[in-house]
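Notes follow the structure.
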Amino acid sequence: MAVYLDGRFMPLADARVSVLDRGFVFGDGVYELVPVYSRKPFRLEEHLRRLQHSLDGIRLANPHGVAVWRELIEQLIAQQDFDDQSVYLQITRGVAPRDHAFPAGVAPTVFMFAQPLVSATAEQKSAGVCAITAPDIRWGRCDIKAISLLANVLARQQAVEAGCAETVMLRDGFFSEGAASNIFVVKDGVLRAPPPSRLILTGITYDVVLELAAAHGIPAELRAISEAELRDADELWMTSSTKEIMPIVSLDGVPVGDGKQGPMARQMDALYQQFKQQVMRA
Ligand code: PDD
């Protein structure tokens, strides 16, 4: 498996980073995860725009322009022996003696690798997954896709220990998002999600879902959604680049709606698959 590190492609086993890298010591870095279907990156422009937002948020200069990123990602994709990929890229503030303040004149560390992307089958989507809830204990800049993911790691582990796929995080009586996904609610035929803010990561999948809803006349509303509304939903979905649109059919052990993939989830999944096909053919 070829990976990219600081200007070179190399076998994974040859990729080495100093233990003084600020990503390792402080979690001082940001990342993106780009899904790739049939060797075509999905929504790359939007991912690179969000990467810029994250870099701006931590005051780290972007080491590359969009054209160079595009070229590097294409090279990485070409070097894998599988067609559907998830491309992970991360940039840290580089290697320096440990001190919280930014080091001067240090080059960032740029790392990329690709993994096979295995999308959920129709059967898996039809069966759905279970989720639990937990307090959202994260900081106030969840819109930055930071590599320091400790609170998300703890939340996801709680789900795994409960035999579930995701944890829906609650803050001040409202839900924010999943440990590694955005959350949508359907009630009486209306699709709802919290609006973009500093308390959630605005997913690329979230944006696509909202665009598809608008384009196909599905009523959608962005507003804060209370815990009571979360528990009273007809349908609950988790969305992300790797999970796409996955129905949550049980929350804290209580069935959501009739405990199966709902009709709007089925419709949105069909629209999403169609949209992917269009992108791949383009
Ligand atoms: N996570 N919110 C959080 C906290 C996330 O970690 C993710 C994705 C999302 C959905 O974003 P997108 O639709 O752009 O994938 C929302 C990725 C998949 C990860 O960290 O592996």
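Data for the structure
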item	result
Complete set of residues in the stretch 225-249 that are in contact with a strand residue (DSSP E or B) (Cβ under 6 Å, 6 or more places away or on another chain) and more than 30 Å from residue 88 (Cα to Cα)	225, 226, 227, 230, 233, 234, 235
So residue 270, is it surrounded by fewer than 16 Cβ atoms within 10 Å (Cβ to Cβ) and in the same structural domain as residue 138 (by TED's automatic domain parsing)	yes
Unmet criterion (only one of (1) free of Cβ contacts under 8 Å to residues at least 40 places away in the same chain; (2) over 22 Å from residue 123 (Cα atoms); (3) surrounded by fewer than 21 Cβ atoms within 10 Å (Cβ to Cβ)) for residue 252	(1)
Test: residue in the stretch 191-201 that is assigned to a helix (DSSP H, G or I) and either surrounded by fewer than 22 Cβ atoms within 10 Å (Cβ to Cβ) or among the aromatic types (Phe, Trp, Tyr) (or both)	no
The stretch 212-230: number of residues that are closer than 13 Å to residue 193 by Cα and either within 22 Å of the chain's Cα centre (by Cα) or not assigned by TED's automatic domain parsing to the domain that holds residue 194 (or both)	8
Candidate set: the stretch 172-210, residues that are more than 8 Å from the ligand (Cβ to nearest atom) and without any contact (Cβ under 8 Å) to a residue 40 or more places away in the chain; chosen: the one farthest from residue 46 (Cα to Cα)	172
Entirely in the stretch 212-273, the strands (runs of 3 or more DSSP E) that have 3 or more residues that are within 16 Å of the ligand (Cβ to nearest atom)	235-240, 244-251
Failed condition for residue 54, given (1) small (Gly, Ala, Ser); (2) open to solvent by 10 Å² or more (accessible area, probe 1.4 Å); (3) touching a strand residue (DSSP E or B) at 6+ places or on another chain (Cβ under 8 Å)	(2)
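Residues are listed down the side, and each one gets a yes or a no for (1) of a type in the set (A, V, I, L, M, F, W, C); (2) over 17 Å from residue 147 (Cβ atoms):
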position	(1), (2)
59	no, no
68	yes, yes
72	yes, yes
79	no, yes
84	no, yes
101	yes, yes
111	yes, no
122	yes, yes
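The values are calculated or read from the model by the stated rules, or taken from the named source; none is laboratory data. Everything quoted here is computed from the prediction, not taken from an experiment. Cβ sites come from the backbone with ideal geometry, for glycine too, and all protein chains shown count toward neighbours. Remember, those area values only see protein heavy atoms, side chains included, never the ligands or the DNA or RNA. Shrake-Rupley method; radii C 1.70, N 1.55, O 1.52, S 1.80 Å.
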